[in-house]
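Written out below as structure tokens is the structure these notes cover.
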Amino acid sequence: MSVTADQQAQIDAARGSPRQTLRAVSDGIEQHLYRVHPVLDHGFVRVIDYMGDDSAICQAARVSYGRGTRSVQNDEGLIRYLMRHWHSTPFEMCEIKLHVKLPVFVARQWIRHRTANVNEYSARYSILDREFYVPDPSALAAQSTTNNQGRGAVLEGDRAQRVLDILRQDADRAYDHYEEMLDENGLNLARELARMNLPASIYTQWYWKTDLHNLFHFLRLRADPHAQMEIRAYADSVCAIVADWVPAAWSAFRDYRLGGTTLSARGMDCLHRMLRGEGVTQETSGMSAGEWREFSAVWMKDTA
Ligand SMILES: Cc1cc2nc3c(=O)[nH]c(=O)nc-3n(C[C@H](O)[C@H](O)[C@H](O)COP(=O)(O)OP(=O)(O)OC[C@H]3O[C@@H](n4cnc5c(N)ncnc54)[C@H](O)[C@@H]3O)c2cc1C
């Protein structure tokens, strides 16, 4: 269960008392407000609040372009133009506030994104729940042999079972000790100290607020296939929300950033030579083996 009965009651109450407003409303994201989107085994993402929609981006952009500029008048076209030319400030006019429940090791990656406002559950003040992330067996993989930061083949049979046993037993043992240290009639250790031995798989929660420009930056890095699967699961969930919130901005982001690529000057030179019919190889490209592999993956994507 990712939300408590209390949280569910709050969600029901919030959804049960809609109000009229003069503010810009995005119908697409209204359906997500307060709803729980489960992620991993006990985690979730839910939208607490938002500001702006696709029109808010265009409204802000037109302040800089003025009324005389008609060439980029169409909203969708304007948003694509802004995204293409890295004119990013209009995207900062939209904001979103999320409530996220996530394992601590995922939170450590997430918190590196500094351009957001965060308020986290306090384990000095409150007692953490006995909730630990245990990967689905399909996500238990060996260390990659080609990527130091990645996974290789999925673990099978006894090896997978042994890993699951270790994860569950260690987490339970650590939590039993946590409770023992907290016991007011026993060791009565302060909460801020008793939490020290808890593993990074334990769940924490926070409110996270950011603007659309910085959210796109976060999603470009964390919804990327190179991101760790666990944080990618959260990023994918947020992507689905953003697609409903600001469909035109999402479409431009997906086209130019998520699905697009950048080429170095050397890469451009190789591409020009190849288009002229030259058989460019890594040796004649001037690129390192890793660079060449990544470059080749871009233009060989559909021919592989
Ligand atoms: C696949 C992957 C692997 C990673 N591996 C590691 C790792 O091994 N070790 C590690 O420590 N981190 C690692 N990171 C984290 C990474 O280095 C960044 O810290 C993280 O992605 C946040 O990016 P950011 O700083 O651009 O984002 P934000 O903090 O949201 O900042 C957004 C932008 O604002 C600007 N900005 C924000 N703060 C400052 C500042 N103080 N000074 C100047 N400009 C600023 C920058 O332009 C920045 O790009 C990894 C990230 C990814 C995606």
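Please indicate, with yes or no, whether at least one residue in the range 200-207 is within 16 Å of the ligand (Cβ to nearest atom) and in contact with a His (Cβ under 8 Å, 6 or more places away or on another chain). Yes, the range 200-207 contains a residue that is within 16 Å of the ligand (Cβ to nearest atom) and in contact with a His (Cβ under 8 Å, 6 or more places away or on another chain). Exactly one residue out of A265, A194, A252 is touching a residue at least 40 places away in the same chain (Cβ under 8 Å) and more than 21 Å from T115 (Cα to Cα), and it is A252.
Looking at this structure, is G157 within 13 Å of the ligand (Cβ to nearest atom) and farther than 26 Å from H32 by Cα? Criteria not met by G157. Where the second residue is near the ligand (Cβ under 9 Å from one of its atoms) and basic (K, R) and the first is assigned by TED's automatic domain parsing to the domain that holds V106 and within 19 Å of N148 (Cα to Cα) and lies in the range 207-231, which pairs have Cβ atoms under 6 Å and are six or more apart or on separate chains? Every condition considered, the pairs that remain are I231/R222. Do any residues in the range 8-21 that are within 19 Å of L98 (Cβ to Cβ) have Cβ atoms under 7 Å from those of residues that are among the aromatic types (F, W, Y), where the two are at least six apart or on different chains, and which pairs are they? Matching pairs, first to second residue: I11/Y34; A14/Y34; R15/Y34. Just so you know, in the range 239-269 the residues that are acidic (D, E) and surrounded by fewer than 16 Cβ atoms within 10 Å (Cβ to Cβ) include one that is nearest to E92 (Cα to Cα), and it is D255.
For the range 225-233, state whether one or more residues are within 13 Å of the ligand (Cβ to nearest atom), assigned to a helix (DSSP H, G or I) and not charged (D, E, K, R). Checked the range 225-233: at least one residue is within 13 Å of the ligand (Cβ to nearest atom), assigned to a helix (DSSP H, G or I) and not charged (D, E, K, R).
Let's see how each residue does on (1) assigned to a helix (DSSP H, G or I); (2) out of contact with any Phe, Trp or Tyr (no Cβ under 9 Å at 6 or more places or on another chain):
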| site | (1), (2) |
| --- | --- |
| F253 | yes, no |
| Y256 | yes, yes |
| G267 | yes, no |
| H272 | yes, yes |
| E278 | no, yes |
| M287 | no, no |
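As for the range 143-151, it holds at least one residue that is of a type outside the set (S, T, Y), at pLDDT below 90 and not in a loop (DSSP other than H, G, I, E, B). Between V47, V118, which is outside any loop (DSSP other than H, G, I, E, B), β-branched (V, I, T), out of contact with any helix residue (DSSP H, G or I) (no Cβ under 7 Å at 6 or more places or on another chain) and assigned by TED's automatic domain parsing to the domain that holds F253? When all the criteria are applied, what remains is V118. Considering the range 270-288, and only residues there that are touching a residue at least 12 places away in the same chain (Cβ under 8 Å) and within 30 Å of L82 (Cα to Cα), the residue that is surrounded by the most Cβ atoms within 10 Å (Cβ to Cβ) turns out to be C270.
Checking the structure you have, find out if any residue of the range 226-238 is loosely packed, with under 13 Cβ neighbours inside 10 Å and not β-branched (V, I, T).
Keep residues of the range 226-238 that are loosely packed, with under 13 Cβ neighbours inside 10 Å, which gives 226.
Cutting the leftovers down to not β-branched (V, I, T) gives us 226.
Yes, that holds for at least one residue.
Is it the case that A200 is surrounded by fewer than 18 Cβ atoms within 10 Å (Cβ to Cβ), closer than 20 Å to V104 by Cβ, more than 14 Å from the chain's Cα centre (by Cα) and at pLDDT 95 or above?
Answer is yes for this residue.
Of the candidates H87, H113, H99, the single residue that is on the phi < 0 side of the Ramachandran plot, within 15 Å of the ligand (Cβ to nearest atom), not basic (K, R) and not in a helix (DSSP H, G or I) is H113.
Cβ-Cβ distances below 7 Å connect the following pairs, each with a first residue in the range 136-157 that is among the β-branched types (V, I, T), a second residue that is at pLDDT 80 or above, and a separation of six or more residues or different chains: V154/S138; V154/L140; V154/A141.
Scan the range 130-148 and tell me whether some residue there is among the small types (G, A, S), more than 16 Å from A233 (Cβ to Cβ), within 16 Å of the ligand (Cβ to nearest atom) and in the same structural domain as H177 (by TED's automatic domain parsing).
Our first condition is that a residue be among the small types (G, A, S); within the range 130-148, this holds for 138-139, 141-142, 144.
Checking the rest, the ones that are also more than 16 Å from A233 (Cβ to Cβ) come to 142, 144.
Those still in the list that are within 16 Å of the ligand (Cβ to nearest atom) too: 144.
Imposing the further condition that a residue be in the same structural domain as H177 (by TED's automatic domain parsing) reduces the set to 144.
Within the range 130-148, one or more residues are among the small types (G, A, S), more than 16 Å from A233 (Cβ to Cβ), within 16 Å of the ligand (Cβ to nearest atom) and in the same structural domain as H177 (by TED's automatic domain parsing).
The values are calculated or read from the model by the stated rules, or taken from the named source; none is laboratory data. Source: prediction; values computed, not measured. All Cβ positions, glycine included, derive from the backbone under ideal geometry; neighbour counts span all protein chains shown.
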